[in-house]
Each structure stands twice: as structure tokens, then as C-alpha cells.
Amino acid sequence: MSAQPVRDVVDLSHPLDDDTPVYPGDPVARFSPATTIDEHGYNVLHVRMGSQTGTHVDAPYHFLADGARIDELPLELFLGPAVIADVRGRAPHTAITWADLAPVAGRLAPGRMLLLHTGWDAHWGTDAYFDHPFLDGEAAERVVAAGVRTVGLDALSLDETVLGGEPAAGFAAHFAVLGAGGVIVENLRGLDAVRSTEPVVSVLPLRMTGADGAPVRAVAFDVG
Ligand SMILES: [Zn+2]
């Protein structure tokens, strides 16, 4: 069989720059010229940012001291068919439950990613971005029980974000996914532009040695 071309490539990544919103307390991104063509003959950018900045993946080590680091994980976790759950229209700080995932539950299986389409990427760059819906801990357990090891969403965190404190439910969804040796993709965007019902999605992270997570260029596409 000959290789098939990819088509309908959709960029699921936010731009990375000094204005990139970060999780409360995380380092802010700062990009500055290290060299310039005018002064040195070539351009090099000095990039400073946290490991969990912009569109990124969390490794188990993010919450688990003995968990796998981003460079220790099988690449299959970051590349494969994705099930997109339409969970748009939720009020701020709403938990997405297992019942909300009923329309896609039958398609969850080992080797498939689950991406929660909250629509919250529309609030990127505003205060409302922090008031995102989140995945209920029990729902996360059910998703993992179905064999899924890659869970993503188009919002700041898989668990609720509470400014100046911890969420009431803790980080239950993070622990459910990362505790199963899975990974979490956060700050996706553009899921509304994906037309295929089961696209291939790539969220390959930078190979940063020993890191808890890493930025990704997330894309969805079809093959053939
Ligand atoms: Zn993260």
C-alpha cells in the first residue's frame, strides 16, 4: 500500500508569545532577541517560559513523583485517532460529567484520544478564560477505564481553575489520567474547524529531558 497524503490539516495550537495566558503562578512567557541580523548577522530568539505554557501536554510526572517524564513516554500517546466530544455551551466552572460524554462513550477505546470541545478557546486572552468548564473526576475515571490514555481540551486545565486556591475537587481528573500512565493536552483551540468525526490528531511534545510537560504544535488531519 502506498502512503496516502494528509488533508484538511487544522491547527489546534494557540500562538506562543509574551501575551500567552498561563496557569496562575506559572512563569510567564518572555521572548526576546538573543541576536539580530543588524548586530550579529543572524536572528536567534531567547525563549523563556514554563514547561506548561500555551498548547501543551502534561506527563504523569506533573503530579506524580514517580510518574513518567515527558521524554519517557511512548510516542503513540501523542499521535492517533481522536474522538471529539461536543460539550460546548456550559456555564463557567461547570463540571463535565460522564453523562455529558454519553454521545461518544461507545467510541472510547484504547489507542483513541478524547478531546473535549468546550468552546472555551473563544475566551483566550480574557479573564473569562480562567472560568472554564472542567472534567469531573468520576468521568475521568470512566474515560480511563474505557482504555483512553490521552485526554485533551480547549481550555486552561482538565480540572477546575480557582484563582488564589485549589479547586474544591482537587486535581481528580489529572490524577485519574496521569495515574493511569496517560497524558493530558491543555489549551487546544480550533476544534470547531475539524470536520472529520474521527480525525488523526498529533500532539507530539518537545523532547525535553526529564520534564513534567512540554509545548506542542497540535494538529488534526485526515489521511487518504
Ligand atoms: Zn498542563
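Nothing in this text is a laboratory measurement; each read-out follows from the coordinates by a stated rule. As the structure is a prediction and not an experimental result, all values here were calculated from the model. Counting neighbours? That spans all protein chains shown, and the Cβs are built from the backbone with ideal geometry, glycine included.
Taking the centroid of alpha carbons for each part, the stretch 173-209 and the stretch 3-58 are 18 Å apart. Applied to the stretch 211-216, the Karplus parametrisation 6.51 cos²θ - 1.76 cosθ + 1.60 on θ = phi - 60° returns per-residue 3J(HN,Hα) values of 7, 7, x, 6, x, 9 Hz, with x for Gly and Pro.
Note on residue 145 and residue 198: with the Förster distance fixed at 25 Å, the Cβ-Cβ geometry gives a FRET efficiency of about 0.75.
Distance between the modelled labels on residue 43 and residue 221, one decimal in nanometres: 2.5 nm (7 Å Cα→Cβ projection). Annotation: extensible slack from residue 9 through residue 208 equals 69.1 nm (criterion: 0.36 nm per residue apart, minus Cα-Cα distance).
Think of the chain as having a plus end and a minus end, set by charges on the Cβ of Lys, Arg, Asp and Glu; of 175, 77, 63, 77 sits farthest toward the positive end of this dipole. Shape analysis of the stretch 49-160 places it in the oblate category; the axes a ≥ b ≥ c from the Cα gyration tensor give an a/c of at least 1.5, with a/b not above b/c. Annotation: extensible slack from residue 18 through residue 66 equals 14.0 nm (criterion: 0.36 nm per residue apart, minus Cα-Cα distance).
Rounded to 0.05, the FRET efficiency of the residue 127 and residue 32 pair, given R0 = 30 Å and the Cβ-Cβ distance, is 0.70.
Within the chain, the longest run free of trypsin sites (Lys or Arg not before Pro) that sit in a DSSP loop with at most 12 other Cβ atoms within 10 Å is 1-194.
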